[in-house]
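Working notes, beginning with the structure itself.
The values are calculated or read from the model by the stated rules, or taken from the named source; none is laboratory data. Keep in mind the model is a prediction, meaning the values are calculated, not measured. Because the Cβ atoms are built from the backbone with ideal geometry, glycine has one as well, and the counts that use them run over all protein chains shown. Remember, those area values only see protein heavy atoms, side chains included, never the ligands or the DNA or RNA. Shrake-Rupley method; radii C 1.70, N 1.55, O 1.52, S 1.80 Å.
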Amino acid sequence: TPDYARALEWYRRAADKPHAPSLYHLALMHAYGRGTRIDHARALLLFDQAADLLHVGAMYYLGVMTLYGHGVPVDYTMALTWFRKAAQFEDPGVAPPAEDAHAELSAAIANANEANKAALARFETPLVEDAAGVDTVGVS
């Protein structure tokens, strides 16, 4: 049986050094509420500290958290940035899901932009001119 309380204490001690893997695991504990209550803001801060120390998994989770708005407002551009950073390190455990997340989010944004353009185009009213070439839109 996992002893989350003990793990939390040891990760806290190591994170104070700072030790990137400990920051990362402590962030996961806060993100998932293991040994502590769920605290996305605290997890985000710890992931950010680990990412500053080039922890690739922390970079990926920063992408996930900004994508879904855990501890921070949703920010698709920032999520793309974190997924791209995580993928560039070519870590075999992180790069493939980071690349997939980046590609999926990029495609979703492109699709949303196209849908918005199409929706706006349906509501555009072409100018109607009378025989004299005078704009009559809105004239009653």
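Here are the numbers for this structure:
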{"item": "Residue ranges of helices (runs of 4 or more DSSP H) in the range 4-79 with at least 3 members of a type in the set (A, V, I, L, M, F, W, C), open to solvent by 20 Å² or more (accessible area, probe 1.4 Å) and over 27 Å from residue 96 (Cβ atoms)", "result": "4-15"}
{"item": "Some residue of the range 105-123 being free of Cβ contacts under 8 Å to residues at least 60 places away in the same chain and touching a Gly at 6+ places or on another chain (Cβ under 7 Å)", "result": "no"}
{"item": "Subset of the range 80-95 (residues that are part of a helix (DSSP H, G or I) and either open to solvent by less than 60 Å² (accessible area, probe 1.4 Å) or touching a residue at least 24 places away in the same chain (Cβ under 8 Å) (or both))", "result": "80, 81, 82, 83, 85, 86, 87, 95"}
{"item": "Qualifying residue in the range 12-35 (condition: out of contact with any helix residue (DSSP H, G or I) (no Cβ under 9 Å at 6 or more places or on another chain), aliphatic (A, V, I, L, M) and modelled with pLDDT under 95)", "result": "no"}
